[in-house]
Amino acid sequence: MDSLLADVVLIVHFAFVSFVVGGLAAIWIGAGLGWTWARNFWFRVAHLAAIVFVAGEALVGAWCPLTVWEAQLRGAAADKGFIAQWIHRVLFYDFPEWVFTAAYVLFALVVAACWWFVPPERAKTMNDEL
């Protein structure tokens, strides 16, 4: 059962990374193609918050909670199924920690700059509805 839960955590982790990385590409592509959701204020807030959280973790030297949770669920028997092995190969690399910290901070700065170059639409308030 723990192995199955570890796989679920890994899939959630992969989805989170896909949202962060793919979200930036989707914003630029969507802006170029005129897709309104690419400028949705709440989507953009969630996207910026996600990468700021990751960069903040890296700056303080904290481990990603999803990585820790998956490792705890897998325990000593780090057996992974076929799909889990491939997701691990996509998500995890053997580089010095400073490389990841620099990459996360740089990516966060690019996402923040994206607010300038592709500004989100102003969020609607209750007064706008009246």
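A few points about this structure:
- Across segment 2-120, the fraction of Cα-Cα pairs farther apart than 26 Å, rounded to a whole number, is 30%.
- Label-point gap, in nm, between Phe41 and Asp2 - each point 7 angstrom along Cα→Cβ: 4.6
- Once backbone amide H atoms are built at 1.01 Å from N, Asn40 has Glu121 as its partners under 5 Å, excluding neighbours fewer than 5 places away on the same chain.
- Label-point gap, in nm, between Ala15 and Trp98 - each point 7 angstrom along Cα→Cβ: 3.7
- Fully extending the segment from Leu66 to Leu106 would add 12.2 nm, taking 0.36 nm per residue of separation and subtracting the current Cα-Cα distance.
Values in this text are rule-based calculations from the coordinates and carry no lab data. Please read all numbers here as calculations on a predicted model, not as lab measurements. Using ideal geometry, Cβ is built from the backbone for each residue, glycine included, and neighbour counts are taken over all protein chains shown.
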